[in-house]
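One structure is given here, and the rest of the page talks about it.
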Amino acid sequence: MIELLGYKLRIGDSPTSLDAVEFLATITSKLAQYSISVNPVSAYYHDLLFVPAARAREVMQLLHEFSI
């Protein structure tokens, strides 16, 4: 699940596995290709991506495209 909360994106609806070490690196690298700055935060249960509010919808679309 990717949920838009203002300008914060929460990735996943279950705790992120510690085995998924390149998960955030892959997403942030792809967004960097579009010159989108990201402040990733790995929390205990979820990973959060803070992106510019003005580009939040664009990020949602790109994340959807990346998942296909």
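The values are calculated or read from the model by the stated rules, or taken from the named source; none is laboratory data. Note that the structure is predicted; figures quoted are calculated from it, not measured. Every residue, glycine among them, receives a Cβ derived from its backbone with ideal geometry; neighbour counts consider all protein chains shown.
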Problem - Pairs where the first residue, in segment 39-68, is under 19 Å from GLU22 (Cβ atoms) and the second is hydroxyl-bearing (Ser, Thr, Tyr) and assigned to a helix (DSSP H, G or I), C-beta under 9 Å, 6+ apart - result: PRO40/THR28; LEU49/THR28; PHE66/THR26
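One line per residue, one yes/no per condition, for (1) at pLDDT 60 or above; (2) touching a helix residue (DSSP H, G or I) at 6+ places or on another chain (Cβ under 8 Å); (3) part of a helix (DSSP H, G or I):
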{"site": "LEU24", "(1), (2), (3)": "yes, no, yes"}
{"site": "SER29", "(1), (2), (3)": "yes, no, yes"}
{"site": "PRO40", "(1), (2), (3)": "yes, yes, no"}
{"site": "LEU49", "(1), (2), (3)": "yes, yes, no"}
{"site": "GLU58", "(1), (2), (3)": "yes, no, yes"}
{"site": "LEU62", "(1), (2), (3)": "yes, yes, yes"}
